[in-house]
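Enquirer: Just dropping this structure here.
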Amino acid sequence: MSTITKADVEYVAGLAQLQLDDDAKERLTHEMATILNYMDKLNELDTENVEPMMHAMAMTNVFREDVVEPSLPRDKALEGAPSHDGEFFLVPKILETDNV
C-alpha cells in the first residue's frame with residue numbers, strides 16, 4: 001500500500017510551480033493516495049502473456065489517402081488576398097532586423 005504525505009504533495013506542487021492552500025493539500029494527499037493504491041492493485045495483475053499496445057481498442061486510420069492533385073493556380077489563390085503584387089501575398093512587416 002502506497003502512502004502519500006502532505007510533504008509529498010508539497011514537493012510535487014513545487015515541481016509544478018503550484019501554490020496550494022492547506023485544504024487543497026489535504027484533498028490532493030487523499031486523491032494521490034487513492035490513485036497510487038489503485039496502481040498497486042493493477043500491479044497485482046498477471047500481464048506476462050499480454051502484448052504491449054498503444055490503445056485498448058483497435059484503431060483505424062480514418063483519413064483519406066494522400067493523393068497528389070494539381071495546385072490552385074496563383075491568380076486564383078491571390079484573388080481573395082487583401083493585398084498582392086500579382087506574384088506574392090503582401091503583408092505588413094512585423095519583425096525588425098538589421099539585415100533586412
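Enquirer: Helix 6-15: angle to the longest alpha-carbon principal axis of the chain, degrees 0 to 90, nearest 10?
Expert: Between helix and principal axis, roughly 20 degrees.
Enquirer: Further, regarding this structure: Which of the aspartates and glutamates could a cross-linker bridge to LYS25, judged by Cα under 19 Å and excluding same-chain residues fewer than eight apart?
Expert: Partners found: ASP8, GLU10.
Enquirer: For helix 22-43, what angle does its Cα long axis make with the longest principal axis of the chain, in degrees from 0 to 90 and rounded to 10?
Expert: Here the helix axis deviates by roughly 80 degrees.
Enquirer: How much mean residue ellipticity at 222 nm does the chain get from its helices, if each DSSP H run of length 4 or more adds -39500 (n - 2.57) and you divide by all residues, to the nearest 500 deg cm²/dmol?
Expert: Values: 3 runs with 38 residues, N = 100.
The per-residue figure over the chain is -12000 deg cm²/dmol.
Enquirer: Of ARG27, ARG64, how do they rank once you tally other Cβ atoms within 10 Å and put the fewest first?
Expert: Working: ARG27 13, ARG64 6.
Taking fewest neighbouring Cβ atoms as first place, the list is ARG64, ARG27.
Enquirer: Rounded if a/c is under 1.5, else prolate if a/b beats b/c, else oblate: with a ≥ b ≥ c from the C-alpha gyration tensor eigenvalues square-rooted, which is the chain?
Expert: On the way: a/c = 4.66, a/b = 1.80, b/c = 2.58.
It comes out oblate by the Cα gyration axes.
Taken together, the values in this text are just the output of simple stated rules run on the coordinates, not laboratory data. What you are looking at is a predicted structure, and each value in this text was computed from that prediction instead of being measured. Cβ: placed from backbone, ideal geometry, glycine included. Neighbour counts: every protein chain shown.
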